[in-house]
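Here the structure comes first, spelled out in structure tokens, and everything after it is commentary.
The values are calculated or read from the model by the stated rules, or taken from the named source; none is laboratory data. Since we're looking at a predicted model, the values are computed, not measured. Note that each Cβ is placed from the backbone with ideal geometry, even for glycine, and that neighbours are counted across all protein chains shown. Areas reflect the complete protein model, heavy atoms only, side chains present, ligands, DNA and RNA absent. Shrake-Rupley method; radii C 1.70, N 1.55, O 1.52, S 1.80 Å.
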Amino acid sequence: DNAFTGQLSHELGALPQLQGFFLYKNLFTGSLPSDLGNLSSLKFIYFNDNQFTGPLPSHLGQLQVLEEVLLFNNLFDGSLPSELSLCTAVRIFRLQGNKLLGPIENVFRGDMAVDHLDLSDNELSGSLPVSLFALPSISTIALSLNCFEGQLPPEMCAARSVSVLSLDGLGAARDCKHTVTVPFSGVTLFNTLEGTIPTCVWALPLLQVLHLTGNGLTGSIYGHLPSNSSLTTLSLGRCQH
């Protein structure tokens, strides 16, 4: 929360005892040096709200004790490196508000400790990976405003610990959207999904927030809402239920 500028020095990789690295809310630019992978004791990376560019270095996968990764509101691009799946101790993963693209099927796996994941407002594409919903401790999944396609997978109901599903406009990122007009309604959607909401979603025991606005989903929710639901917020705007 200052006004520091410039790029990160490669000499930072020579701090083997560093556990917390906090640079948020400055004006840093340039790419992240691969030397970050040498910070074997690092647990916390807070680089959010800067102007970092370039891809995320695959060397982040070497940080075996990393717990919190906050890189949101930067200008990172390229795909998520599959090596991030090696960061099994990470609990908080916030990468929203960047220019990340491509599929994410090979990034998340069942032995990861992630409980808060926010990849919103990027250009990620492909189908929603079922591996996300198999994360054993996941409580928040935010994927809004990306370039995803296909349909909501029934496997999303495996996320028994999830409390927040923020999935608005899954295909509505600025650089991938195309308009679709809903017949007889005057409503315009962007890059809609196929299908409906899997009925098992309504039975997720801890689900409190469900956002699915702007996906063009179809079907009915009648008869699927349990009387003991934990839902406090439900957003289904611009769907066809």
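Just a few scattered comments:
- Residue tally, condition assigned to a helix (DSSP H, G or I) and not polar (S, T, N, Q), over region 114-135: 3
- Checking each residue in region 4-38 for being among the acidic types (D, E) and buried (at least 17 other Cβ atoms within 10 Å of the Cβ) picks out only D35.
- Scanning region 216-235 for residues that are buried (at least 17 other Cβ atoms within 10 Å of the Cβ) and either at positive phi or modelled with pLDDT of 90 or more (or both) yields a single hit, G216.
- Selected residue [touching a residue at least 40 places away in the same chain (Cβ under 8 Å), open to solvent by 10 Å² or more (accessible area, probe 1.4 Å) and of a type in the set (S, T, N, Q)] from S139, S131: S139
- Residues that are part of a loop (DSSP other than H, G, I, E, B) and either closer than 15 Å to L145 by Cβ or under 10 Å from the mean Cα position of the chain (by Cα) (or both) within region 93-108 comprise L95, Q96, G97, N98, I104, listed in sequence order.
- Total residues in region 7-38, condition closer than 21 Å to G78 by Cβ, of a type in the set (A, V, I, L, M, F, W, C) and part of a loop (DSSP other than H, G, I, E, B): 4
- Subset of region 208-236 [farther than 20 Å from G169 by Cβ and touching a His at 6+ places or on another chain (Cβ under 8 Å)]: S220
- Number of the condition not met by E11 [criteria: (1) acidic (D, E); (2) modelled with pLDDT under 95; (3) within 15 Å of F93 (Cα to Cα)]: (3)
- Matching entry among D111, D1 (being open to solvent by 50 Å² or more (accessible area, probe 1.4 Å), under 27 Å from S137 (Cβ atoms) and either touching a residue at least 40 places away in the same chain (Cβ under 8 Å) or in a loop (DSSP other than H, G, I, E, B) (or both)): D111
- The lone exception for G195 - which of (1) at pLDDT below 95; (2) on the phi < 0 side of the Ramachandran plot it fails: (2)
- L75 out of contact with any Asp or Glu (no Cβ under 8 Å at 6 or more places or on another chain), under 23 Å from G126 (Cα atoms) and without any contact (Cβ under 8 Å) to a residue 60 or more places away in the chain: yes
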